[in-house]
1. Tally Lys and Arg at +1 and Asp and Glu at -1 over the other residues with C-beta under 14 Å from the C-beta of Val229: what net charge comes out?
2. Given a cut-off of under 8 Å on Cα pairs at least six residues apart, what relative contact order in percent is computed for the chain?
3. Take the alpha-carbon centre of segment 72-96, take the same for segment 313-343, and report the distance between them in whole Å.
4. What percentages, rounded to whole numbers, describe P(r) for segment 89-179 computed over all alpha carbon pairs with 5 Å bin width beginning at zero?
5. Once the Cα atoms of helix 501-510 and of the chain are each reduced to a long axis, what angle between those two axes, in degrees from 0 to 90 to the nearest 10, is obtained?
6. With a cut-off of 8 Å between alpha carbons and a minimum separation of six or more residues, what is the relative contact order of segment 402-451 in percent?
7. Whole-Hz ³J(HN,Hα) for each residue in segment 248-259, computed from phi via Karplus 6.51 cos²θ - 1.76 cosθ + 1.60 with θ = phi - 60°, x for glycine and proline: what do you get?
8. So if I take the centroid of the Cα atoms in segment 115-176 and the same for segment 435-508, what is the distance between those two points in Å?
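Taken together, the values in this text are just the output of simple stated rules run on the coordinates, not laboratory data. Note that the structure is predicted; figures quoted are calculated from it, not measured. Glycine also receives a Cβ, built like all others from the backbone with ideal geometry; neighbour counts cover every protein chain displayed.
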Amino acid sequence: MLHTDIIAPISSLLERHRTERPDKVAYWDSARSVTYAQLAERTASIAAGLAAIGLSEGDRLAIYLPNSVDWIETCLAGLRAGAVIVPISYDAAEGEIAYRLADADCRTVVTTPARQALVGKLATGLGHPLAMVLTAADSAATTLDSLATGASGAPRDPTDIDRTSFIIYTSGTTGRAKGVLLSVRGMLWITAACWAPILGLNEADVVLSPLPLFHSYGLNLSVLSVLAVGASEHIMEKFSPQQALELLQTGNYSVFPGVPTMFHYLLQRAQESGIERLGKTRMCFSAGAILPATLNRAFEQRFGTPLIDGYGITETSTMVTVNWMSGARPMGSCGLPVPGLAVRIVDPVTLVDLPIGSEGELIVRGPNLMQGYHNKPAETAAALRHGWYHTGDLAKSDPNGYLTITGRIKELIIRGGQNIAPAEIEEVVILHPQVLDCAIVGVPHATLGEVPYLFVVAQGGELDVDSLLTHCRGSLSSYKIPEATHIVAEIPRTGSGKIMRFKLVEAMKQT
Ligand code: AMP
């Protein structure tokens, strides 16, 4: 059932909750909480205040903050002011911040006092003024609170939910990040078609969220969907397995979303400390990267809590396929297409539909597709063809329509003409008892074209490479056996759990 009442302007959702559940806590973090009535009032005042300091309708508003209630208020207030929201990771490097501020032509930024000087420095290179709002200040600077308490009139509260409301920079595992243009309708369509009806997200849920809010998955689920259904949410500033376990065990939470590595570390920490239950958590949800079947099974066996896998992409306002709480759930599959979406598996070159069971590129069509890439017509034309978004992901379907993502086209390793998806090898390597984490990278080879190199984090620092390779030979054809093994301290990942393979290659070249 499509919950169409959820697809509404942000101001209508806030007003609905202000009336129906004014005293209920909407969001909280380690510093403060906000009720639905306060959220409605504060975001209205901040929105009016932003307009009063010069933010025009359609202006880009950068959010450069850590995960927090401030982040959420800024986002909702920005939308109420008619701004286009540009989230920037609080961990981004200077060059990445400068690139986003310039590429999106940001006119206002909300940041912390700790980053005031850095943002001030970057603003001088922009060629136009950048108004700065701080989360707190001991000086005369504009703050969220000064906007919230200043008398600036009514917010603009745009009613057009199809206008561009977000520019979300893709994680950029390769190349320069692209700004994905999304609307409120596209984002809330996911809530209405996926989170609410399929996963049962509802006002009784209390979510513990470690998701980075600047990423589309966190923005969609932890900011907009929690608001849309009127649930409550504890925002973690950062994921820590120990803290997440302690919080979940209190029995106060019903839903815990994460990315595969978080579940991996959560399970490992629980095994070390003898923890066997996650309080009253009814569902853990994984998206952002491949969730190996082995991890999914081991997690559910230990905790008895379903760990549901779904496949989401920034360009599709997030979810494309999802597993259901009820019925069959083939481990390793990211589920069925969200009802209302069309998906096809095609030959990436000829675009001919492939028979069921064959691996090909997944393409998607539906009301959640991006409007395009900001200022990148060529990239937009390549990604959106005849109304279909070409994901660049390789997938196959079983006879019942359950899809499995097998890798990314660009990450395929072609060794002497034979295709290897890094995930196939990683799923075997991770099962070795001395392996904590791993990644496979294709490295150029004089005669074979490319060969797989293994980067591995050893459990407790100990690793017998011969035993690991023997373990691999037990499950993998010989052409998939890693050509070289490098022991590293950690596998670099993006906020949404994706391996940054290029960083491993760079680090290897430097040693
Ligand atoms: P992003 O736009 O940063 O969220 O990245 C989207 C990409 O993440 C997809 O194109 C997939 O490659 C990957 N991804 C997301 N969710 C899953 C999943 N459940 N299984 C496998 N890959 C996933």
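1. Details: positive: Arg16, Arg21, Lys24; negative: Asp5, Glu20, Glu203, Asp205, Glu233.
Around Val229, the surrounding residues sum to -2.
2. Details: 1073 pairs, mean separation 56.0, N = 511.
Answer for the chain is 11 percent.
3. 28 Å
4. Whole-percent P(r) values from 0 Å outward: 2, 11, 19, 19, 19, 17, 9, 3, 1, 0.
5. On a 0 to 90 degree scale, this one is about 70.
6. On the way: 56 pairs, mean separation 18.1, N = 50.
Computed value for segment 402-451: 36 percent relative contact order.
7. In residue order, the calculated couplings are 4, 5, 5, x, 8, 10, 10, 9, 10, x, x, 10 Hz.
8. 41 Å
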